[in-house]
Structure formats: C-alpha cells, structure tokens
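Heads up, the thing below is written out as structure tokens.
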Amino acid sequence: TNVDELFAFKKIFTTQLALNSFFTHILTIGDRKLVKMLIAPTTGQIYNFEFRVTLAKDDVRQTGRSIEKVPFRLTRNLQCFASDLGIQSIFPVVMTNCSLALQKKEFVLMNFLYLFLKEELRTGESSRADDKLNDKIRQNYNEILSKVKRLGQVPEIDDMRIISKECLELVKSATDESNLSKMNANWSPWF
C-alpha cells in the first residue's frame, strides 16, 4: 500500500541522511550546499557530489570542528520529512551503530582513510615529501578515529546498548535554530 511504501521510503531516507551526516561530521566535510546533494525520488537514497575534506592551513583538522556552525545538514524540512520518530530514534541509532561497526573493523577504516586522505593531501601540493605526507595522514587519521570512538561511546544497561550521548548532542546542535540562522545564505538553511 502507499502508506507502507511511504514509511519504507522515509526509513531509507532517514538512514541515508544519518550515514551522510556521520561521515560529514567525522571527515569534517564543509560547504554542504543543496546543489551537492541528490535524493533519489524512488528509493530515498542520498548521493553526494564534491565530498571533500576540509583541512586547516597545515593540512590537519582544527580540533575536529568544522568551520560551519552546524556539524551536518539537518534543517527543518529534512527533520519534518524524516519525522520526529526518525530524528529521535533511527537517526542517532544509525550514527551510533556506524561508529561501533567502524571501531570493530578499524583495520579496514585505516586502509580506506589512508587512501582517501593521501589523495586529498596530494592534490594540495604534489611535491611534498613522503615522510611529511605520512605524518599528516597519521595526524588526520587519529583525529577521525577519535571522533568515531566518541560517537560510539554508549553505556550498556542490562546487556542492551543505548544511543550515544555524543550523537544526540550533534543532532541537537544541527537542529538548533540559532546555529542554522548563522549559516551562509548559499547553504540554504531554510530547506
């Protein structure tokens, strides 16, 4: 039925939005304008264009904070479509579980980030010495890994995990109207 299809669409959309937000946050991806996102109208999947790491002058993230006032795009219209249920339950659960999964497979994460960061750092300056480049990669990797670990810190109650407090704080910050109002007009915070 149409109601079942809409629920499934919204669940996929909210899951994709949470994953997108998770990686936007841990990789410090900035400048998340609407023109850089595509939402598939039949599946609810989200595709990104120009998913580039924001690096400081010395090619290392500054204390893991994006230069933007919000950690990821979660504007009022996205919240409304995902619904309160999606934002308060599916969204933080997906972020927490993604963090826990990456921690279990840290070796895979390390290899992926090495290739990803190496490419990002090389595009800035191709004549950099390999030792210096590897140090920068290691610094950025450690920064990302510490974010992943913070997002996966969950207390266990009666053998049951609950949502990470850090994920809930990020959602609160991303949906804060005061933070959204400080975003650049090109970012389209009203959408």
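The residues in the stretch 180-190 that are part of a helix (DSSP H, G or I) and over 17 Å from the mean Cα position of the chain (by Cα) can be counted, and the count is 3.
Per the conditions (1) modelled with pLDDT under 80; (2) not in a loop (DSSP other than H, G, I, E, B), the sole criterion not satisfied by V60 is (2).
Per-residue answers, yes or no, for (1) over 25 Å from F13 (Cβ atoms); (2) modelled with pLDDT under 80; (3) of a type in the set (A, V, I, L, M, F, W, C); (4) part of a helix (DSSP H, G or I):
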residue: R65; (1), (2), (3), (4): yes, yes, no, no
residue: R73; (1), (2), (3), (4): no, no, no, no
residue: A82; (1), (2), (3), (4): no, no, yes, yes
residue: M95; (1), (2), (3), (4): no, no, yes, yes
residue: M110; (1), (2), (3), (4): yes, no, yes, yes
residue: L113; (1), (2), (3), (4): yes, no, yes, yes
residue: K118; (1), (2), (3), (4): yes, yes, no, yes
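For the stretch 1-43, enumerate the residues that are in contact (Cβ under 8 Å) with a residue 12 or more places away in the chain and acidic (D, E). Selection gives D31 alone.
Restrict the check to the stretch 6-18 and report whether at least one residue is farther than 24 Å from L102 by Cα, modelled with pLDDT under 85 and surrounded by 14 or more Cβ atoms within 10 Å (Cβ to Cβ). If you could, list the steps in order and put the result at the bottom.
Filtering the stretch 6-18 for residues farther than 24 Å from L102 by Cα gives 6-10.
Okay, now just the ones that are also modelled with pLDDT under 85, so none.
No, that holds for no residue.
The values are calculated or read from the model by the stated rules, or taken from the named source; none is laboratory data. Keep in mind that what you see is a predicted model, and the values were worked out from it rather than measured. Using ideal geometry, Cβ is built from the backbone for each residue, glycine included, and neighbour counts are taken over all protein chains shown.
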